[in-house]
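The structure under discussion appears below in the form of structure tokens.
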Amino acid sequence: MVQRNAQPKLDDEVDIANLKRIVARFKAHHGQRLAATASALTAQRRRALSILPYLYHRNHPALPGYISPTVPAGIGDYQPTPHALRDLQVIAPGFRDQRERAGSGALQAIYLMGSSGSIAQTRASDVDVWVCCPRLLHASLWRKVQLINQWASDLGLILQTFLVDPQSFRAKQPIPGCSMPTLLLDEFYRSATLIAGRYPLWWLVPPGAEAAHDAMGKRLRQGRHLDPQAMVDFGPVGTPPLEELARGAAEELGRALSTPYKSLVKLKLVEAYAHARQAPLVSQRYKQAIYRGEDDPLQLDAYMLVYQHLETHLLATAQTEQLDLVRRLLARKILQAETTPGEHIATLCRQWDIDTHEILNTPNFRSLARESQQVNAALEAGLTTALQLDVTETTRGDHEPKRHLMRVSQLRRLVKPLTQTPTGSITRLNPSVAPRQYRAPIAISKQGNQWLAREDAQVIYSSQRLVELLVWAHINNLTNLHLSNHHEMQNNVQQIRTTFHNNANIWVFANAEICNTERETATLLTHHDDPLDYSGLHRLQVITLDIVSRSRDGGYRARATHNRTELLGELMALMNNSPQALAWEAVGNQRRHRIQTRLRSLHRQLHNALRNDGDRFVFPFGGELVCAEKRQQDITTTTYASAAELHSALRDHANRSITFDDSQPRRAVLQ
């Protein structure tokens, strides 16, 4: 029967039996974690994990990773289990273990880190390994680490192995490759799995007594109450420094932009730590649970401990939408890790009102849109936290340049387009949330003056122009579109959607959608008849323009012309760009190819003609002539009703360069 609420004493009287009970509880739970890790692996990978400690314990030519007998070996307080010895016989047939008394060795311990043994572990998860030993041994041991990792990889077990000196944590020394040692130690204490060697002294320091860590360790070593060779001291965690939190916020925010499901939870944890500086860390929650005798693996799970901490923080700060996001992120990791939801997981999902089927499969677009908003809100909150920590760091008087502060400035430019959609921009899912292809059927129809996109009879987007709706579908990866009651437009839709594969920043669609009122504003681009139409009655007309632009930050806008004046203004604004920056596309029947060619030709001519201030270019527009003139960075236009009126105006500026549209009869410049 488990004795609960056992608390080791800090006075001169040390309860040895109680200390041993605490150690036994930690070891029992770590044993559960190791069993859970192994259960998610194939038999071959399990075998590799089983003998991993032994490969570091002994140097022998028959064992994987062997280099020479002088390579540091031996794990303190380690004895291989009978099961590990059986697995060893499979890996190295004929090898016989030489039984040695467990005791000191060059190496102190081996731990697993990360998601190993947690509810988020999958069969494809890498296994992070900490091999603990003095830093002086790292160089001579590293080649063996590489060989063992390669051997394990050949068996399908991907190891990420780190050589860790516990003294570096204890003495607050710089740790290679780690700029956040306090946060890392907090993660280690709450999520590590001891697989061989010494257990952390931290286990024996009662919850809330971090300040007494060193004194407790000294008393235990001096009194010989427990074997000092059975313990390794990483030191207390302490309160994370502001600079570490700032680095953590910047690092996780950067990762969350591309992989939010992995990093947003950690980003929210940094936010919680920054908000409540004196609150116990998650590692303390874990220790408190062990000390009170908790033995439910789910309650002791590293991810669930983080969730419980975040739930407390988010409820206290009234962030209910963010709490829902954290729950969904956690549910997704759990359900994707398991082939079938366990009883505890199913219970959690019911409590959180989460549809397990929706999590495991592609949700509908409304759910994706909600999740996108939640992710963007989390990114914005993370940026706010990073900026606040940035300000705090700056006001502390230390003006030495810090890499994470520059990183925050860069991240602000990346986060802003996701969280602050400019007016007129087309709504876009967070790219990390949007599926590569959303194949659910989307019905498109027109109702009054609005185009509507529906999924399961519910409107999920509306716009006044068809082009804008198709842009929205394109940037959100919607592929299964169906026109309802507008079959004559199906060809137009296909033409428009194909154009978006063109690598341009501006797309211009002529005649993509023509209303009866717009037919009255038909504008001739040339007086030449279509050479493929010998009736002589049809001419090339542009009735409407739909313009789609993509900004540097990936945002999309769509606008359209509605009358003749707007059409001319848009043409000049567009043709003021390089022809390579635009994709001109005419939509409709076979005549569209002539219109498209004409627009491209006109753009090219105008761009070549107007290179310097004062240069002019004349082209037909409807039944009139337009003189376009270069004025600094802009193009101004003057419209003339007839050629005689144009010549009269040009007579006053005969010495200035003028070019005529090559589709018009040549005109002599009047003297």
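The values are calculated or read from the model by the stated rules, or taken from the named source; none is laboratory data. Keep in mind it's a predicted model, so treat the numbers as computed, not measured. Note: ideal-geometry Cβ built from the backbone for every residue, glycine included; neighbour counts use all protein chains shown. Accessible surface areas use protein heavy atoms only, side chains included; no ligands, DNA or RNA. Shrake-Rupley method; radii C 1.70, N 1.55, O 1.52, S 1.80 Å.
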Q. In segment 217-248, how many residues are in contact (Cβ under 8 Å) with a residue 12 or more places away in the chain, open to solvent by 10 Å² or more (accessible area, probe 1.4 Å) and in a loop (DSSP other than H, G, I, E, B)?
A. 8
Q: Scan segment 88-100 for residues that are over 24 Å from Arg143 (Cβ atoms) and either at pLDDT 95 or above or within 43 Å of the chain's Cα centre (by Cα) (or both) and report the count.
A: 1
Q: Please specify each residue of segment 288-304 satisfying the condition of being small (Gly, Ala, Ser) and part of a helix (DSSP H, G or I).
A: Ala289, Ala302
(Q) Would you confirm, using the coordinates I've provided, whether Ala369 is surrounded by fewer than 14 Cβ atoms within 10 Å (Cβ to Cβ), at pLDDT 85 or above and not β-branched (Val, Ile, Thr)? (A) no
(Q) Looking only at residues that are touching a Lys or Arg at 6+ places or on another chain (Cβ under 8 Å) and open to solvent by 60 Å² or more (accessible area, probe 1.4 Å) in segment 450-484, which one is farthest from Ser425 (Cα to Cα)? (A) Gln458
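For Asp295, state whether it is within 28 Å of Asn18 (Cα to Cα), among the acidic types (Asp, Glu) and open to solvent by 60 Å² or more (accessible area, probe 1.4 Å).
Working: within 28 Å of Asn18 (Cα to Cα): yes; among the acidic types (Asp, Glu): yes; open to solvent by 60 Å² or more (accessible area, probe 1.4 Å): yes.
It is true that Asp295 is within 28 Å of Asn18 (Cα to Cα), among the acidic types (Asp, Glu) and open to solvent by 60 Å² or more (accessible area, probe 1.4 Å).
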(Q) What are the pairs with Cβ atoms under 6 angstrom where one residue, in segment 370-390, is among the hydroxyl-bearing types (Ser, Thr, Tyr) and the other, located anywhere, is assigned to a helix (DSSP H, G or I) and surrounded by 21 or more Cβ atoms within 10 Å (Cβ to Cβ)? Sequence gap at least six, or different chains. (A) Thr385/Ala249; Thr385/Glu271
Q) Which of the residues spanning segment 178-211 are assigned to a helix (DSSP H, G or I) and out of contact with any Pro (no Cβ under 8 Å at 6 or more places or on another chain)? A) Pro181, Leu184, Leu185, Glu187, Phe188, Arg190, Ser191, Leu201, Trp203
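Where residues in segment 47-87 are polar (S, T, N, Q) and part of a loop (DSSP other than H, G, I, E, B), which of them is farthest from Leu163 (Cα to Cα)? Outline the logic, then answer.
From segment 47-87, those polar (S, T, N, Q) are 50, 59, 68, 70, 79, 81; that's our starting set.
Now restrict to residues that are part of a loop (DSSP other than H, G, I, E, B): 59, 68, 70, 79, 81.
Values: Asn59: 18, Ser68: 19, Thr70: 18, Gln79: 21, Thr81: 24 Å.
So, considering only residues that are polar (S, T, N, Q) and part of a loop (DSSP other than H, G, I, E, B), the one farthest from Leu163 (Cα to Cα) is Thr81.
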Q: Would you point out which residue out of Thr523, Thr565 is within 28 Å of Glu629 (Cβ to Cβ), modelled with pLDDT under 90, surrounded by 18 or more Cβ atoms within 10 Å (Cβ to Cβ) and of a type outside the set (A, V, I, L, M, F, W, C)?
A: Thr523
Q: Scan Ser104, Ser168 and give me the residue that is at negative phi, modelled with pLDDT under 95 and either part of a loop (DSSP other than H, G, I, E, B) or among the acidic types (Asp, Glu) (or both).
A: Ser104
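Kindly indicate whether Arg143 is in contact (Cβ under 8 Å) with a residue 12 or more places away in the chain, touching a strand residue (DSSP E or B) at 6+ places or on another chain (Cβ under 9 Å) and of a type outside the set (Phe, Trp, Tyr). First the steps, then the outcome.
Numbers: in contact (Cβ under 8 Å) with a residue 12 or more places away in the chain: yes; touching a strand residue (DSSP E or B) at 6+ places or on another chain (Cβ under 9 Å): no; of a type outside the set (Phe, Trp, Tyr): yes.
No; evaluated as a whole, the condition is false for this residue.
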(Q) Out of the residues in segment 607-661 meeting the condition of being among the charged types (D, E, K, R) and farther than 28 Å from Ala510 by Cα, tell me which one is nearest to the chain's Cα centre (by Cα). (A) Asp613
Q | Failed criterion for His603 (all others in (1) of a type outside the set (Gly, Ala, Ser); (2) at pLDDT 85 or above; (3) open to solvent by 20 Å² or more (accessible area, probe 1.4 Å) hold) | A | (3)
Q: Would you be able to say whether some residue in segment 594-606 is under 37 Å from the mean Cα position of the chain (by Cα) and of a type in the set (Lys, Arg)?
A: no
Q. Is it the case that segment 111-126 has a residue that's closer than 23 Å to Val232 by Cα, open to solvent by 20 Å² or more (accessible area, probe 1.4 Å) and more than 31 Å from the chain's Cα centre (by Cα)?
A. no
Q.
As an exercise: evaluate Asn505 against (1) out of contact with any helix residue (DSSP H, G or I) (no Cβ under 7 Å at 6 or more places or on another chain); (2) modelled with pLDDT of 85 or more; (3) of a type in the set (S, T, N, Q) and give the number of the one condition it does not meet.
A. (1)
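Would you pick out the residues in segment 406-430 that are open to solvent by less than 80 Å² (accessible area, probe 1.4 Å) and touching a residue at least 40 places away in the same chain (Cβ under 8 Å)? Step through it out loud before you land on a result.
Filtering segment 406-430 for residues open to solvent by less than 80 Å² (accessible area, probe 1.4 Å) gives 408-409, 411, 415, 417-419, 422, 424-426, 429-430.
Within segment 406-430, Val408, Leu411, Val415, Pro417, Leu418, Thr419, Pro422, Gly424, Ser425, Ile426, Leu429, Asn430 qualify.
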Q. So Met1 fits all but one of (1) at pLDDT 90 or above; (2) more than 41 Å from the chain's Cα centre (by Cα); what number is the exception?
A. (1)
Q. Residue check: is Phe621 farther than 30 Å from Leu418 by Cβ, buried (at least 19 other Cβ atoms within 10 Å of the Cβ) and at pLDDT below 90?
A. yes
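Rundown of residues vs (1) open to solvent by 50 Å² or more (accessible area, probe 1.4 Å); (2) outside any helix (DSSP H, G or I); (3) of a type outside the set (Asp, Glu); (4) at pLDDT below 90, yes/no style:
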residue	(1), (2), (3), (4)
Lys262	yes, no, yes, yes
Lys268	no, no, yes, no
Glu271	no, no, no, no
Ser283	no, no, yes, no
Tyr286	no, no, yes, no
Val306	no, no, yes, no
Leu314	no, no, yes, no
